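See below for the structure under consideration.
Bear in mind that the values in this text are calculations on the coordinates, not laboratory data. Because the structure is predicted, anything quoted here is derived from the model rather than measured. All Cβ positions, even for glycine, are placed from backbone atoms using ideal geometry, and neighbour counts span all protein chains on display.
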């Protein structure tokens, strides 16, 4: 059956398709992202293997490294979600339908962990034991 | 390439003439499932954070726990680095399979899917080795702390000045010493001259004998102790969270490998070729990438921080 729907620009996902030349370009991007992910992982592991941890580093250094790890992790996650999972290639409305609720919940959870950690600590200590 | 997937009709477009988000129903639902699953993992990591904060005084440093490598080599984090690399590579082969599917290249899909399955099996196998190394206590039970092969070898198994300086345990030992200095019948808690043993009233706490047990038994059978204890057994929650979080992730990996295997077989049988599109590869790919995504976070919060 010929297509009889209203989809424009051939953008329906079941019809996702690209040519050999486009494939070459896409693969190039995939390999680039692979290299980036491997480099980031190597940096993270390198810091750990060099013996820098929360006992050996000074508190302020460790705070910096912690945030460095978190940022590297978010960069990795971004590459995986937007390139490997192709969310970056989806329509904008789909992208935000997926990301916005999740980001909202995560911000909420982070808020809770900052606000309530001491209370939770007391609770755990009372009921499970310190 | 209009008319490429020739069978598309209105019923494929969610019953209307337009598909919301230009996405098939299945792919949309896979995304929704992944969002909910991601929230489950977030919940676990947040709970982990709460426990870690609660036990921050005795929470171990991962380099001191995750140092095993096949062949008995002492290599902190190297094994888990290898596991991470395997998962990233298998994620790459998966995205290459999806790319081949977009070119309707059956051979390419089969090749890359096969490598993805191989990578998944290697990861699950690596995790099995890691777990068995952790669980192998001398008495064969599943305790993750006190008689654990991994943890016994580090400072938590034995209290010495040298090792306790390495951990947070000095805080506890100091507290213990101060407490006993103030008690009515103070016990004298010191280090032995060579700094290798914790001494209570001149008697060394025996090797591989936890201070808590020692004090417990040394109270003339009354079995109570007074005040803070130089117990450095570490929180059980550490092992519990380790096995639960990596186990839950490993379960996802295992189911992902099985799903990938099914898709591989279907691709070999030409199911997708007949269907005219390889979207099933893309959908399972989403799940597989999600597994990799979760590992990125587990890796950071469990092994690095």
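Arrange the following residues from fewest to most other Cβ atoms within 10 Å of their Cβ: B:78, A:99, A:37.
On the way: B:78 17, A:99 14, A:37 24.
Fewest to most other Cβ atoms nearby, the residues stand as A:99, B:78, A:37.
Give the distance, in whole Å, between the Cα centre of segment B:42-113 and the Cα centre of segment B:284-305.
Distance between centres, Cα-based: 6 Å.
For residue A:77 and residue A:28 in the same chain, what is the full-extension length gain: residue separation times 0.36 nm, less their Cα-Cα distance, in nm? Before the final figure, lay out each step's value.
Details: separation 49, 0.36 × 49 = 17.64 nm, distance 1.94 nm.
Answer, rounded to one decimal: 15.7 nm.
On a 0 to 90 degree scale, rounded to 10, what angle separates helix A:59-79 from the longest Cα axis of chain A?
20
Calculate the all-directions average of the projected area of segment A:13-69's alpha-carbon convex hull, and give it in nm². Display every interim value, and only then the final one.
Working: hull surface 23.7 nm².
If I average the Cα hull's projected area over directions, I get 5.9 nm².
Tilt of helix A:92-127 relative to the longest C-alpha principal axis of chain A, in degrees (0 to 90, nearest 10)?
With both axes taken from Cα atoms, the answer is about 20 degrees.
For a quick check: sort B:99, A:116 by the number of other beta carbons within 10 angstrom, fewest at the front. The partial results should precede the final answer.
Working: B:99 25, A:116 12.
Arranged by neighbour count, lowest to highest, B:99, A:116 become A:116, B:99.
Just rank B:91, A:126, fewest to most, by other beta-carbon atoms within 10 angstrom. Please list the in-between numbers first.
On the way: B:91 28, A:126 9.
Lowest count first: A:126, B:91.
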